[in-house]
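Shown next, in structure tokens, is the structure this report addresses.
The values are calculated or read from the model by the stated rules, or taken from the named source; none is laboratory data. What you are looking at is a predicted structure, and each value in this text was computed from that prediction instead of being measured. Here the Cβ is made from the backbone with ideal geometry for all residues, glycine too, and neighbour counts use every protein chain on show. Each accessible area value is taken on the protein alone, full model and side chains, heavy atoms only, with ligands, DNA and RNA left out. Shrake-Rupley method; radii C 1.70, N 1.55, O 1.52, S 1.80 Å.
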Amino acid sequence: MTRVPARHAVVLADPDPIRRSQLQEGFTRWYGDQFLLVPTARPEDTARTLDDLARQGTHVVLVAAVDDEPVPVPGTGRLRLAPAAEDPADLDPRVLDGAVEEWWQRATPEQRAGFVPVTVRAPYRSPEAFEIRSFLAGSGAVFLWRDPEPPGDPDVHVLVGDTELPPNPSLAALADALHLVDRPTETWFDVIVIGGGPAGLSAAIYAGTQGLRTLVVEDRVPGGQVTTNPDIANCFGFPDGISGYALARRALKQAREYQVAWQPAHHATDLRIGDDRTPHEVVVDGMADRTYKAGALIIASGLVWRRLDDVPGLKPLVGRGVYYSALPVDAPRTQGDHVAVVGGGNSAGHAALFFAQYAEDVTMIVRAGSLREKMAAYLVDLIEEFNKPEERIHILTNSDVTGCAADSRDELAGIEITNSDTHEVRRLDARWLYVLIGGEPDLTWAGPAALDRIGLSAVTGAVLTGTSVPGRTQALVKAEEQAREEGEKLGLTGRALEKYVEQAVLKARPASTATSVPGIYAAGDVQSGAQYGVSSAVGQGATAIGELFPYIARHPNLFPSFAPKRG
């Protein structure tokens, strides 16, 4: 992972403009955040570009090209690409990581500066390996995966740059080794955001731009589960779509520009609710159980995936072919295999489309009678278009996974699928099963006492906010009645009276993201009644910060670092 991406570059040399564009798209998918990607057409253009980059102090890691022209700059690697480079197989990240690894071994200390590749030695299909891989991919690390040494070693060994971590490192230790964790010296913030998904990062950015000292605690990687989405087609401002990973990395970079403190791979483990005189407190593990204070708390901790633990044979295979998260970086490994995706929502649709570019085929197992019951119309249309002229994504509706089988290595070898209408049972030799069936609000970290005070929906378990909080609707009705009575006593009638009542109701209306506890707000998937989707989550995160300022004005003592900015 590079902290200064512009210091290292990859030059894409190809005289064919269409193929060059396809090359750039593929490289951007895997490496756009780590390297400056520079396309060139002719050998003389490549040579001139290399000279220009050298003068700017940018180290060229490798030249990826379809010809055999020598690289004129010593210490620069070369990756020979097949002429049919638009084939996704030619952009296998394993090949690219290998080329970067070769460059690293030859590079001088000056060339290495600011760039930290990661080498992992582990069995690819193991629960521990999946967690490490998921974190590295979501954190933007360039990593090379090697078979275990000696063969059969079940442990995960991680080499960060030239430093080897202890076997099976925690994600917090890995984040520290990659210098991803901010270590603030203060313990009292203006705002603490729990969760670094779209809602949490949005709240952090808007808080930072307003001068609020902000801490984000995220138990995994920037963007949370959105990083597994390879193509968000309906995201505002990106007409050509954007991957969840790229969106999250941009948002995190923007947040840190406004001095937002970022702590990935760390878990909030307890919430102690404050009052008008004392701030709220959040206990964070991985930081020697450090306690942080804040005048306001934004709960944006997202969802935890629903599981299929009751399916015979499935639970022991989690991480060994069964996954509750679809990692784009795994896609090239599925070449020649059958992939199964359980779910009929947008996450399942995105995963099916992406993996179908690599796998032999993809089978979607949908409990509903049609994809159009839950999936966005544009995604359904994309799947139908993808299946022309050859069907590569098979859709089984009214169906459930009812069994999983393992091979001699205790890895997934096949699944059993049952039609709920006909009770027909079929077997599929799938080595990859992705269960993407939605989730439930991730709130257990706060503890039962705090959650009882905050208030949760009895139906969904999400945080009640705004007029959903018990008693607030009745309070609005009472405010309207009192305002009308007062207005009439003042002699107001007609439009003047209605305006008086309207202003009183607006003043009494609770903030849409405010919980029942003053100073605690909820945004994103944990908010009861919230619309799912990246754009909605971003809007809710920004709204929470906008609705916070009247509370700051009433309780300036709880926001010490913001106090000098009031005026």
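Observations on the structure shown:
- Qualifying residue in the range 122-136 (condition: in contact with a His (Cβ under 9 Å, 6 or more places away or on another chain) and without any contact (Cβ under 8 Å) to a residue 60 or more places away in the chain): yes
- Some residue of the range 124-138 being open to solvent by 20 Å² or more (accessible area, probe 1.4 Å), of a type in the set (Ser, Thr, Tyr) and in contact with a strand residue (DSSP E or B) (Cβ under 8 Å, 6 or more places away or on another chain): yes
- Options Val477, Val517; residue that is hydrophobic (A, V, I, L, M, F, W, C) and at pLDDT below 95: Val477
- The residues of the range 247-260 that are charged (D, E, K, R) and open to solvent by 70 Å² or more (accessible area, probe 1.4 Å), listed by number, are Arg250, Lys253, Glu257.
- Gln503 being in a helix (DSSP H, G or I), open to solvent by 70 Å² or more (accessible area, probe 1.4 Å), modelled with pLDDT under 95 and out of contact with any helix residue (DSSP H, G or I) (no Cβ under 9 Å at 6 or more places or on another chain): no
- Candidates Val158, Val181, Val191 - the one that is outside any helix (DSSP H, G or I), surrounded by 17 or more Cβ atoms within 10 Å (Cβ to Cβ) and modelled with pLDDT under 90: Val181
- When we screen Ser535, Ser512, Ser516 for residues that are within 30 Å of Met375 (Cβ to Cβ), small (Gly, Ala, Ser), part of a loop (DSSP other than H, G, I, E, B) and in contact (Cβ under 8 Å) with a residue 12 or more places away in the chain, the only hit is Ser512.
- The range 387-414, subset in contact with a helix residue (DSSP H, G or I) (Cβ under 9 Å, 6 or more places away or on another chain) and β-branched (Val, Ile, Thr), residue surrounded by the fewest Cβ atoms within 10 Å (Cβ to Cβ): Thr397
- Here Gly211 qualifies as assigned to a loop (DSSP other than H, G, I, E, B) and over 30 Å from Tyr434 (Cα atoms).
- Tabulated pairs, the range 550-562, first without any contact (Cβ under 8 Å) to a residue 24 or more places away in the chain, second open to solvent by 30 Å² or more (accessible area, probe 1.4 Å) and assigned to a helix (DSSP H, G or I), C-beta under 8 angstrom, 6+ apart or interchain: Pro556/Ala563
- Of the criteria (1) open to solvent by less than 10 Å² (accessible area, probe 1.4 Å); (2) part of a helix (DSSP H, G or I), which one Glu384 fails: (1)
- Odd one out for Ser347 among (1) without any contact (Cβ under 8 Å) to a residue 60 or more places away in the chain; (2) closer than 23 Å to Gln531 by Cα: (1)
- Any hit, the range 34-48, residues being modelled with pLDDT of 75 or more, in a helix (DSSP H, G or I) and either among the aromatic types (Phe, Trp, Tyr) or open to solvent by 70 Å² or more (accessible area, probe 1.4 Å) (or both): yes
- Residues of the range 424-467 satisfying the condition of being free of Cβ contacts under 8 Å to residues at least 12 places away in the same chain and part of a helix (DSSP H, G or I): Thr444, Pro448, Ala449, Leu451, Asp452
- Residues in the range 139-155 that are hydrophobic (A, V, I, L, M, F, W, C), open to solvent by less than 30 Å² (accessible area, probe 1.4 Å) and not in a loop (DSSP other than H, G, I, E, B): Phe143, Leu144.
- Any hit, the range 415-422, residues being surrounded by fewer than 18 Cβ atoms within 10 Å (Cβ to Cβ) and touching a Cys at 6+ places or on another chain (Cβ under 8 Å): yes
- Residues located in the range 311-351, provided they are closer than 19 Å to Arg367 by Cβ and part of a loop (DSSP other than H, G, I, E, B): Val311, Pro312, Leu314, Tyr324, Ala326, Gly343, Gly344, Gly345
- A single entry from Asp153, Asp182, Asp190, Asp147 fulfils the requirement of being among the charged types (D, E, K, R) and within 23 Å of Gln225 (Cβ to Cβ): Asp182.
- Residue satisfying all of: in the range 535-567; of a type in the set (A, V, I, L, M) and open to solvent by 30 Å² or more (accessible area, probe 1.4 Å); modelled with the lowest pLDDT among these: Ala563
- Failed item, numbered, when Leu308 is tested on (1) assigned to a loop (DSSP other than H, G, I, E, B); (2) surrounded by 20 or more Cβ atoms within 10 Å (Cβ to Cβ): (2)
- All conditions in (1) at pLDDT 80 or above; (2) surrounded by fewer than 20 Cβ atoms within 10 Å (Cβ to Cβ) hold for Val10, with the sole exception of (2).
- Taken over the range 261-289, the criterion of being open to solvent by 70 Å² or more (accessible area, probe 1.4 Å), among the acidic types (Asp, Glu) and either on the phi > 0 side of the Ramachandran plot or at pLDDT below 90 (or both) is satisfied by Asp289 alone.
- In the range 335-344, residue least open to solvent (accessible area, probe 1.4 Å) [restricted to those that are in contact (Cβ under 8 Å) with a residue 40 or more places away in the chain and more than 13 Å from Ile395 (Cα to Cα)]: Asp337
- Candidate set from the range 99-129 (those that are assigned to a loop (DSSP other than H, G, I, E, B) and closer than 18 Å to Arg78 by Cα); member that is nearest to the chain's Cα centre (by Cα): Pro117
- Residue in the range 468-490 that is among the polar types (S, T, N, Q), assigned to a loop (DSSP other than H, G, I, E, B) and surrounded by 14 or more Cβ atoms within 10 Å (Cβ to Cβ) present: no
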